[in-house]
Amino acid sequence: QQQLQQQQQQQRDKDEDDDDNSDAFEQVAKFAVQSTGQAALRRLLRAYSTYDPQVGYCQGMNFIAALFLMVMDDEETAFWMFVSVMNEDVYNLRELFVRDMAGTQEVLYVAERLIEQFLPRLFDHFQLQNVQMSMILTPWLMTIYTRNFPFELVLRVWDSFLVEGWKVVYRTMLALLEHAQPALLQLEFEEIIMYLREFTSTV
């Protein structure tokens, strides 16, 4: 019975992984209709989980990996670019995906303090409406905007991120929220959440 439960859990994990990969490629136009693209993504992520078993696979990694597969000439180059941004100090995305998610918590803390400093009216409004910053910012920052945003914007952000590192991610966040601020200040909790879901695909 225990073996059967383990097999069922493994199948659920595989199905979840496949679903995540399919979602990732919805954001990457080149691969949207290519089953070969999803297969390449699956291979890259499995290769990385072997390369770095302490991290393995975590939701969100697939969007970044999909981006590299789209813009690089071959899978091997995409894989080593993925390894680079996961592990080099200037990027260190690996810390976002470790089990305790300490890196994610640190990034969210920095982001919240920046919003409080540079967009105080919006910060206060979110506090008043009980909007947790993590609800909005986690999918933006954990995937460096590859999950929700138009591909042209993603490419511009990543061109700068690869040169300048994390300050680009925070500058982009502030610019996006400043752009949305006039509308957000007029909205209540549920309207804010719905607005930002639509905002990310139209910005």
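The values are calculated or read from the model by the stated rules, or taken from the named source; none is laboratory data. This structure is a prediction, so every number in the text was calculated from the model and none was measured. Counting neighbours? That spans all protein chains shown, and the Cβs are built from the backbone with ideal geometry, glycine included. Heads up: the accessible areas ignore ligands, DNA and RNA and are worked out on the full protein's heavy atoms, side chains in. Shrake-Rupley method; radii C 1.70, N 1.55, O 1.52, S 1.80 Å.
Looking for whichever is under 17 Å from the mean Cα position of the chain (by Cα), at pLDDT below 90 and either surrounded by 14 or more Cβ atoms within 10 Å (Cβ to Cβ) or among the hydroxyl-bearing types (Ser, Thr, Tyr) (or both) here; the options are Met61, Met101. Which one fits?
Values: Met61 fails: at pLDDT below 90.
From the options Met61, Met101, the qualifying one is Met101.
Taking the options Arg156, Arg147, name whichever one is under 12 Å from the mean Cα position of the chain (by Cα), within 21 Å of Val203 (Cβ to Cβ) and of a type in the set (Lys, Arg).
On the way: Arg156 fails: under 12 Å from the mean Cα position of the chain (by Cα).
Only one candidate qualifies: Arg147.
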By residue number, the members of the range 166-202 that are among the aliphatic types (A, V, I, L, M) and farther than 30 Å from Asp89 by Cβ are Ala180, Ala183, Leu184, Leu185, Leu187, Ile192, Ile193, Met194, Leu196
Can you report the number of residues in the range 171-198 which are open to solvent by 70 Å² or more (accessible area, probe 1.4 Å) and either within 16 Å of Glu112 (Cβ to Cβ) or assigned to a loop (DSSP other than H, G, I, E, B) (or both)? 4
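Considering each residue of the range 125-170, count those that are outside any helix (DSSP H, G or I) and either in contact (Cβ under 8 Å) with a residue 60 or more places away in the chain or surrounded by 17 or more Cβ atoms within 10 Å (Cβ to Cβ) (or both), and give that number.
So in the range 125-170, the residues outside any helix (DSSP H, G or I) come out as 129-132, 143-150, 165.
This time we only want the ones that are either in contact (Cβ under 8 Å) with a residue 60 or more places away in the chain or surrounded by 17 or more Cβ atoms within 10 Å (Cβ to Cβ) (or both), so: 129, 131, 143-149, 165.
The number of residues fulfilling the criteria is 10.
Can you name the residue in the range 67-88 that is of a type in the set (Asp, Glu) and not in a helix (DSSP H, G or I) and, of all such residues, is most open to solvent (accessible area, probe 1.4 Å)? Even if it seems obvious, please write down each step before you answer.
Step one: list which residues in the range 67-88 are of a type in the set (Asp, Glu), which gives 73-76, 88.
Retained after the next criterion (residues that are not in a helix (DSSP H, G or I)): 73-74, 88.
Working: Asp73: 153, Asp74: 70, Glu88: 91 Å².
If we take residues in the range 67-88 being of a type in the set (Asp, Glu) and not in a helix (DSSP H, G or I), then Asp73 is most open to solvent (accessible area, probe 1.4 Å).
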Under 6 Å between Cβ atoms, at least 6 apart or on separate chains: pull out the pairs that start in the range 104-118 with a residue that is open to solvent by less than 100 Å² (accessible area, probe 1.4 Å) and end on any residue that is of a type outside the set (A, V, I, L, M). Leu108/Ser134; Leu114/Tyr170; Ile115/Phe123; Glu116/Phe123
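Hey, any hits in the range 16-25 for a residue that's modelled with pLDDT under 90 and of a type in the set (S, T, N, Q)? Steps first, please.
Applying the first criterion (modelled with pLDDT under 90) to the range 16-25 yields 16-25.
Checking the rest, the ones that are also of a type in the set (S, T, N, Q) come to 21-22.
Checking the range 16-25: at least one residue is modelled with pLDDT under 90 and of a type in the set (S, T, N, Q).
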Which of (1) in a helix (DSSP H, G or I); (2) open to solvent by less than 40 Å² (accessible area, probe 1.4 Å); (3) over 30 Å from Ala183 (Cα atoms) does Thr36 not meet, given it meets every other one? (2)
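Quick one: in the range 94-124, of everything that is assigned to a helix (DSSP H, G or I) and β-branched (Val, Ile, Thr), which residue is farthest from Met173 (Cα to Cα)? Break it down into steps so the answer makes sense when it comes.
Of the range 94-124, the ones assigned to a helix (DSSP H, G or I) are 94-97, 102-118, 120-124.
Restricting the remaining residues to those that are β-branched (Val, Ile, Thr) gives 104, 107, 110, 115.
On the way: Thr104: 15, Val107: 12, Val110: 11, Ile115: 9 Å.
The selected residue is Thr104.
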